[in-house]
Amino acid sequence: MALYIKKGRVIDPANEIDEIRDLKIDNGKIVASGLAVAEEATEVDEVIDCEGMLVIPGLIDLHCHLREPGGEAKETIASGTRAAARGGFTAVSAMANTAPVCDSQSGVEFLLKRAAETGIVRVYPIGAITKGLKGQELAEMADMATCGAIAFSDDGKTLSRSDLMRQALQYAQMCQRLIICHCEDDDLVHDGVMHEGYWSTILGLKGIPAVAEDIIVARDIQLAEDTGSAVHIAHVSTAGAVELIRQARARGVNVTGEVCPHHLALTDSAVEGYNSSTKVNPPLRTEKDRQALKEGLRDGTLTILATDHAPHTTEEKAREYAYAPFGISGLETAWPLYWRELIEEKVMTISEMVASLTIHPAKRCNLPGGTLSVGAPADITVIDPNMEENVSLEGWESQGKNTPFLGWTLRSWPICTIVNGQIVMKDRKIVD
Amino acid sequence: MSFQRKDLLGLRGMTAQEISYILDTALPMKDVIQRDIKKVPTLRGKTVVCLFYEASTRTRTSFELAGKYMSADTINISTSTSSVVKGESLIDTGKTIDAMGADIIVLRHGASGAPALLGKHVKARIINAGDGFHEHPTQGLLDMLTIRERKGTLEGLTVTILGDILHSRVARSNIWGLTTMGAKVRVCGPATLLPPEIEALGVEAFTSVEEALEGADVVNVLRMQLERQQKGLFPSIREYARLFALNKERLKRCKSDVLVLHPGPMNRGVEIANDVADADFSAIEEQVTNGVAVRMAILYLMMGGGTANGSVH
């Protein structure tokens, strides 16, 4: 039995395709792509009519927190991958800040084993740079790379020691893996809970200055340049960081940067009212920063879109702002938020936005997928670009209900997610 | 007119009319405090719970007496924020107090926004008695009452707030209240203790105390928290005092009828010289009395009181 995706607007940036056509999927692979391919479907085959829909490569998230092991109250690989599927993602990369930290071969193997048992989308492990995320000794990167780690990051924490970051870059290069940097100077952050500026002054909350991010982005770019290594800047949030990356790329440094939906859709003014769902790291910045991120995406300085999905329990977030943990549950609203900020605001073309969520992250970490080429794994997402939906917790799959977007009416939603030829989400619901 | 808001979280966003109404209501309350028998039956059968997560003598006692002078039942719960971080959540504590039938919860908390959070989860009305660096609205009101009594008006006055503006909820409530009432507000302190973009709040910022005091009608001196020095925000108490302490010499730059306020407790010899604290132009003790009066007014208005003269006489 084959699966046909009929008459959708197929957008496949890697192959420079943007036209109405059909896809045929068999045995987990795309086996045909073209006009009227679906005509050959027989009664035993399944046909999804995608007229008016976008058919794109399955979305790939380079940055999420699945919390398992250790944080199963916040999220599990099962619930997190369900949230991913509902959000149109066919692959997610899990950060290493679990308990225990994913800093060894056994950690990577555990993650892959659990993902195979309970996950409904692909899960790629990201190993820790340093043992226990402590920033003191390198973790066994080569071992982890051998058994499946796609990149290394101490995300959640900044690797403060410059000597160790330099060595990590050298070592990761030997392992042919990317280092992903969480860039915040700990001394400058120092108990800060929101962006330092007008709103932190009004709300009386300890601020995190933009320069806390800029200074580490600058350092990590210099270290990447010095070692000739590749570096990827996670969750870029400041105008200063965008400019640093722009200049570095212009002189040939192998640096990329990613942008999260919340940094595009919100500013620090959203903290008014002390809704702890707006507490995120790095913090929501100013309108100037938000516009700089868009400009960075528009001019190609920033090439990757990632969610930084960071689920927490309701009780953890139902606290005083200063005591609530940082993070936004983002997988399920990412696509329509990007659409709102980048397509409706005419920052990028749909094809460019799709590339930032598919082929760019895939290429950056040498992942399969990211294209709709014949012969490629059938990881496909179908989007209804005209569907309007109110963000609510009804049908919400992530255990983390910590979203600041409740009540927002957003347009353009994933309506079908196909992983390895299997339909895992249809009509906004997980296929069990 | 009555007090329409469920909770009193801050002076930001309050109208001049609302502030005037509260201050007008506080005036007759002062008479009650000065009586031989300091008790009116206005709030009989009402319950006020003072929930204090930070050490406080002055504010807690002031609220407690304000309630008692009007025959409310007042209960104090004092606990340290640190123990609560590990234990029962603020919302659960609030719901428990709610279930016991409290009409008003007076909350003092080290975390900015805690009263807003609590207010969303309980039926009782919340009075913010100071939250983090955010606001301390009753302090702002009592400062304005004191200034208005001495100066007759707030409009057109130049008020200089001196000290650690960054970490001061008193400064913020003063800024919102005073600017709303038409006063010109200046803030002055070390550059490291002035919050970012403070001038966007409608004030002028200074690092020179001499310039900040030039022609001022009122100086509101803030308490310097001595532990700030250890965080590298200023080098020493000695240098702070040399640069910023309010002394008689510096006061000469102000108007001759200058009024000096301090929310207490004072560090004499640090932010304020002894002879300034005790001088006639200081209204520091009046502030304390007015604090009780303002809190009586707030309790009264929030328990559904009518006009200022309605039932307090």
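The values are calculated or read from the model by the stated rules, or taken from the named source; none is laboratory data. Nothing here was measured: the structure is a model prediction, and the numbers come from that model. Backbone-built Cβ (ideal geometry, glycine too); neighbour counts: all protein chains shown. Just so you know, the surface numbers come from the protein's heavy atoms only, side chains and all, with ligands and any DNA or RNA stripped out. Shrake-Rupley method; radii C 1.70, N 1.55, O 1.52, S 1.80 Å.
What the table shows:
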{"item": "Residue in the stretch A:303-344 that is farthest from the other protein chains (Cβ to nearest Cβ), counting only those that are in a loop (DSSP other than H, G, I, E, B) and more than 19 Å from A:Gly71 (Cβ to Cβ)", "result": "A:Thr303"}
{"item": "The stretch B:47-74: number of residues that are over 16 Å from B:Val292 (Cα atoms), open to solvent by 10 Å² or more (accessible area, probe 1.4 Å) and modelled with pLDDT under 95", "result": "2"}
{"item": "Enumeration of residues in the stretch B:251-276 that are open to solvent by 20 Å² or more (accessible area, probe 1.4 Å), touching a strand residue (DSSP E or B) at 6+ places or on another chain (Cβ under 9 Å) and either among the basic types (Lys, Arg) or more than 17 Å from B:Asp143 (Cβ to Cβ) (or both)", "result": "B:Lys255, B:Ala273, B:Asn274"}
{"item": "Of all residues making up the stretch B:1-34, the number that are open to solvent by 80 Å² or more (accessible area, probe 1.4 Å) and farther than 16 Å from B:Met303 by Cα", "result": "4"}
{"item": "Number of positions in the stretch B:117-138 that are crowded, with 24+ Cβ neighbours inside 10 Å and in a helix (DSSP H, G or I)", "result": "4"}
{"item": "Filtered residues of the stretch B:123-133 (kept if within 13 Å of another protein chain (Cβ to nearest Cβ) and either out of contact with any strand residue (DSSP E or B) (no Cβ under 8 Å at 6 or more places or on another chain) or of a type in the set (Gly, Ala, Ser) (or both))", "result": "B:Gly130, B:Gly132, B:Phe133"}
{"item": "Residue identified as surrounded by fewer than 19 Cβ atoms within 10 Å (Cβ to Cβ), in contact with a Ser or Thr (Cβ under 9 Å, 6 or more places away or on another chain) and outside any helix (DSSP H, G or I) among A:Gln170, A:Gln136", "result": "A:Gln136"}
{"item": "Unmet requirement for B:Ala26, which otherwise passes all of (1) out of contact with any Pro (no Cβ under 8 Å at 6 or more places or on another chain); (2) away from chain A (no Cβ under 14 Å); (3) modelled with pLDDT under 95", "result": "(3)"}
{"item": "Top-ranked residue of the stretch A:196-243 - restricted to ones that are more than 17 Å from A:Glu287 (Cα to Cα), open to solvent by 10 Å² or more (accessible area, probe 1.4 Å) and assigned to a loop (DSSP other than H, G, I, E, B), ranked as nearest to the other protein chains (Cβ to nearest Cβ)", "result": "A:Leu205"}
{"item": "Residue, least open to solvent (accessible area, probe 1.4 Å), within the stretch A:1-41, restricted to residues that are in contact with a Gly (Cβ under 8 Å, 6 or more places away or on another chain) and assigned to a loop (DSSP other than H, G, I, E, B)", "result": "A:Gly28"}
{"item": "Residues of the stretch A:360-404 classified as open to solvent by 10 Å² or more (accessible area, probe 1.4 Å), aliphatic (A, V, I, L, M) and in contact with a strand residue (DSSP E or B) (Cβ under 7 Å, 6 or more places away or on another chain), total", "result": "4"}
{"item": "Condition broken by A:Gly192, with the remaining ones in (1) under 28 Å from A:Ala142 (Cβ atoms); (2) part of a loop (DSSP other than H, G, I, E, B) satisfied", "result": "(1)"}
{"item": "Odd one out for A:Thr81 among (1) open to solvent by less than 30 Å² (accessible area, probe 1.4 Å); (2) out of contact with any Leu (no Cβ under 9 Å at 6 or more places or on another chain); (3) closer than 26 Å to A:Gly370 by Cβ", "result": "(2)"}
{"item": "B:Arg186 vs. criteria of a type in the set (Lys, Arg), modelled with pLDDT of 95 or more, more than 24 Å from B:Gln139 (Cα to Cα) and open to solvent by less than 80 Å² (accessible area, probe 1.4 Å)", "result": "no"}
{"item": "Within the stretch A:146-167, tally of residues that are within 21 Å of the chain's Cα centre (by Cα), farther than 18 Å from A:Val217 by Cα and surrounded by fewer than 21 Cβ atoms within 10 Å (Cβ to Cβ)", "result": "1"}
{"item": "One residue from A:Gly87, A:Gly107 being assigned by TED's automatic domain parsing to the domain that holds A:Glu137, within 21 Å of A:Asp384 (Cβ to Cβ) and in contact with a Pro (Cβ under 7 Å, 6 or more places away or on another chain)", "result": "A:Gly87"}
{"item": "Any hit, the stretch A:254-270, residues being within 13 Å of chain B (Cβ to nearest Cβ) and either at negative phi or in contact with a Phe, Trp or Tyr (Cβ under 6 Å, 6 or more places away or on another chain) (or both)", "result": "yes"}
{"item": "Residue within the stretch A:348-362 that is farther than 16 Å from A:Pro57 by Cα and more than 14 Å from chain B (Cβ to nearest Cβ) present", "result": "yes"}
{"item": "From the options B:Thr79, B:Thr138, residue that is modelled with pLDDT of 95 or more, in contact with a Leu (Cβ under 9 Å, 6 or more places away or on another chain) and closer than 15 Å to B:Phe52 by Cβ", "result": "B:Thr138"}
{"item": "Residues that are surrounded by fewer than 19 Cβ atoms within 10 Å (Cβ to Cβ), in contact (Cβ under 8 Å) with a residue 40 or more places away in the chain and more than 14 Å from chain A (Cβ to nearest Cβ), drawn from the stretch B:226-238", "result": "B:Leu226"}
{"item": "The one condition in (1) within 14 Å of chain A (Cβ to nearest Cβ); (2) free of Cβ contacts under 8 Å to residues at least 12 places away in the same chain; (3) not aromatic (Phe, Trp, Tyr) that B:Ser168 fails to fulfil", "result": "(2)"}
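This table checks each residue for (1) over 26 Å from B:Ser168 (Cβ atoms); (2) away from chain A (no Cβ under 13 Å); (3) in contact with a Lys or Arg (Cβ under 9 Å, 6 or more places away or on another chain).
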site	(1), (2), (3)
B:Thr74	yes, yes, yes
B:Ile91	yes, no, yes
B:Ala111	no, no, yes
B:Leu141	no, yes, yes
B:Arg150	no, yes, no
